[in-house]
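Here is the structure we will look at.
The values are calculated or read from the model by the stated rules, or taken from the named source; none is laboratory data. In this text, all values refer to a predicted model and were calculated from it rather than measured experimentally. Don't worry about glycine lacking a Cβ; one is built from the backbone with ideal geometry, like all the others, and counts go over all protein chains shown. Calculation scope for accessible area: heavy atoms of the full protein, side chains included, ligands and nucleic acids excluded. Shrake-Rupley method; radii C 1.70, N 1.55, O 1.52, S 1.80 Å.
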Amino acid sequence: MISCTVNTTSRRSRIRPEIYGHFSEHLGRCIYNGIFVGKDSPIPNTNGMRNDVVAALRNIRIPVLRWPGGCFADEYHWMDGIGPQESRKRMVNTNWGGVVEDNSFGTHEFMELCRQLGCQPYINGNVGSGTVREMSEWMEYLTFDGVSPMAELRAQNGHPEAWKVKYFGVGNETWGCGGSMRAEYYADVFRRYQTYVRSYGDNQVCRIASGASNDDYHWTQVLMEQAAKYMDGLTMHYYVLPGVWEHKGSATEFTPAEYEITMEKAWFMDELITRHSQIMDRYDPEQRIGLIVDEWGCWFDVEPGTNPGFLYQQNTMRDAMVAALTLNIFNQHSDRVSMANLAQTVNVLQSVILTEGDRMVLTPTYHIFDLYKEHQGNRLLESSAEGGRQITLSASVNEEGTVHLTAANLSMDAPAELDCLLEGLTGRTASARILTGPPHAFNTFEAPETVKLAAFTGFALEGEHLRFTLPPCSAAAFTLPREQ
Ligand code: AHR
C-alpha cells in the first residue's frame, strides 16, 4: 500500500490557467491543414478554422496559444501576413522542410483563432532577423486604440478595433535558431527591444525574455542579473528524448528500458524548474517574474514515410504518462511557473490532436489535458506521496471548496494501491475519471477510441481516507465536493 497525503485546508499558490497552454508554429501541418484550412475548404470551418479542432480545444479549456514560433518566429515578418490574401508575400520556411509559406495565416487569422478558442494570444516577436521598429509596430498594429499609422492600417485591413495582447515574447531560442547569441549579448538586446513593446491604453503587456535550454543555468543567471527589472517572464525549453538527437527513438515502438528512460527524463523537469527558480529567487524574491516553459513535450523520430522537416509523430500512453507527470510538476511549482505551452497543438511533436484530411483524432495526451483541466485557476494544496518515482500527484481546491486530485501510476506493469489521507476533508462523496491502457496503445484514424477516458469507480472514500488501485500506466482525476 502506498501512502499519500493531501492537506485540504492548506492554500498555496494559484495554478494559473496558462500552465495548461499550447504552442502552434508554422511547422509541418500544425497551422495549415491542422488548424487553418481556409474559408473555401470543404472541411467544415468558421472563417477558415477547422470546427472540429476548435471544438476539441475549447473542451480542454485552452487558456493561451503561442504563435508563430518557435524557430519560425525569428524569420517571420508580420507585415507579410496582413492585407489581401492574393498580395501576401511568399517565403521559404527554411527551418521546417523548406516549403513555401504563403502567409495566408497571419495576424488577423491568429487573432480570429484565439477569439474562437476563447484563449489569450501569446505572440512571439522576431529578434533574430527583425528590427526594433518591426516589433514595435506589430504591438501598435495589434493594440493601439486611437489615431496612428498602424491603427489605420489595421482598420484598412478590416479590423478597426484594437485587440488585447497580454503576452509578447522578445525572440525565441536566441542562443540558437533565434540568433546564436551569448546570454550577455542577448540581455542587452532584450533590454533594447522590450523598450518599444509598448502597453497601449489599458492593454498591459507582459514582456517575455527568451530563456535557457534545459539546464543552461548560466543563461538564467545572466538574464536575471542584467535584465530582471525589464521582464515579466523568462522562458525555458525542455524536450524529453529517450535517445539522442540523431536517433531519438520511435514514438510507438519502444522497449521497457526506453520507457523507463523516458519517465526518468520527464522527471528531470522537476529538477530543472527547482534550479532555475532558485536562481530567479535570488533576483526576484517576490516571484514577480514568471518562469514560462513555453516549449515542452516528447520529441521522437518522425513517423516513417513522413517529411522529416514536419516533425509528425504518433502519441501513445507513454506520452500520456509524461504529460500527467509534467502537469503535476507544473502545478507543484505554480508559485514560479506562470505559463507552459505543450509543443505542439496539432500534427507536430507531442500533439493533442492529429488530423488527416477531414478526419481528426484525439491523442492520449489530449485526454490528460481533459482530466487535469479542473485544476485551472485553483489554489494548490499541499500534497505528498510515497512510492518514489512510480507515483505522481497534485491537488487543488476551487472557490467553491471542491478538491481536485490528479494521480498517475507511471509503472509499465505494476498496479499501485494507494491510501490517500485527505486531511480536513469535509465532503462525503467523490467521483473520478481515468485514462489507462497498455503503454504502446494509441489512437488512429481507423480506431480513434482505443485510448479514451472512462468513469472510475474503483475507489472507497472512508472518512478522510481515499483508497484506490491505479492500474499500470494510468492517470485518474478525483473530484471531491465540499459538504454543503
Ligand atoms: O518545437 C519545435 C522547435 O523546437 C521550435 O521551433 C524551436 O523553438 C525548438 O527548438
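Some notes on this structure:
- Condition check for ASN51: surrounded by fewer than 20 Cβ atoms within 10 Å (Cβ to Cβ) and within 19 Å of ASP370 (Cα to Cα): yes
- Residue within region 206-218 that is of a type in the set (Phe, Trp, Tyr) and surrounded by 18 or more Cβ atoms within 10 Å (Cβ to Cβ) present: no
- Qualifying residue in region 221-244 (condition: modelled with pLDDT of 95 or more, open to solvent by 60 Å² or more (accessible area, probe 1.4 Å) and under 30 Å from HIS440 (Cβ atoms)): yes
- Subset of region 459-471 [out of contact with any Leu (no Cβ under 9 Å at 6 or more places or on another chain) and not charged (D, E, K, R)]: PRO471
- Residue match in region 36-53 (condition: within 16 Å of the ligand (Cβ to nearest atom) and in a loop (DSSP other than H, G, I, E, B)): no
- Options SER383, SER351; residue that is of a type in the set (S, T, N, Q) and within 19 Å of ALA477 (Cα to Cα): SER383
- Complete set of residues in region 253-274 that are part of a helix (DSSP H, G or I), β-branched (Val, Ile, Thr) and open to solvent by 10 Å² or more (accessible area, probe 1.4 Å): ILE261, THR274
- Per-region count, region 18-35, residues part of a helix (DSSP H, G or I) and either open to solvent by 40 Å² or more (accessible area, probe 1.4 Å) or β-branched (Val, Ile, Thr) (or both): 1
- Condition met for VAL348 (open to solvent by less than 10 Å² (accessible area, probe 1.4 Å), in a loop (DSSP other than H, G, I, E, B) and either touching a residue at least 60 places away in the same chain (Cβ under 8 Å) or not polar (S, T, N, Q) (or both)): yes
- Figure legend. Inter-residue proximity from region 234-259: first residues acidic (Asp, Glu), second residues assigned to a loop (DSSP other than H, G, I, E, B), beta-carbon distance below 9 Å, spacing 6+ or different chains. Indicated pairs: GLU253/HIS440; GLU258/PRO242; GLU258/GLY243; GLU258/GLY249; GLU258/SER250.
- One residue alone among TYR186, TYR217, TYR200, TYR193 is within 16 Å of the ligand (Cβ to nearest atom) and either over 30 Å from VAL302 (Cβ atoms) or modelled with pLDDT under 95 (or both), and that residue is TYR186.
One line per residue, one yes/no per condition, for (1) surrounded by 14 or more Cβ atoms within 10 Å (Cβ to Cβ); (2) of a type in the set (D, E, K, R); (3) free of Cβ contacts under 8 Å to residues at least 24 places away in the same chain:
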residue	(1), (2), (3)
ASN378	yes, no, no
ALA385	yes, no, no
ALA416	yes, no, no
LEU422	yes, no, no
LEU425	yes, no, no
THR429	no, no, no
LEU435	yes, no, no
GLU446	no, yes, yes
GLU449	no, yes, yes
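- The criterion of at least 1 residues that are under 15 Å from HIS404 (Cβ atoms) and among the polar types (S, T, N, Q) is met, among strands (runs of 3 or more DSSP E) falling completely within region 433-481, by 474-480.
- Scope region 54-63; condition open to solvent by 40 Å² or more (accessible area, probe 1.4 Å) and not in a loop (DSSP other than H, G, I, E, B); matching residues: ALA55, ARG58, ASN59
- Filter result for the condition that a residue is hydroxyl-bearing (Ser, Thr, Tyr), buried (at least 21 other Cβ atoms within 10 Å of the Cβ) and more than 20 Å from GLY21 (Cβ to Cβ), over THR306, THR316: THR316
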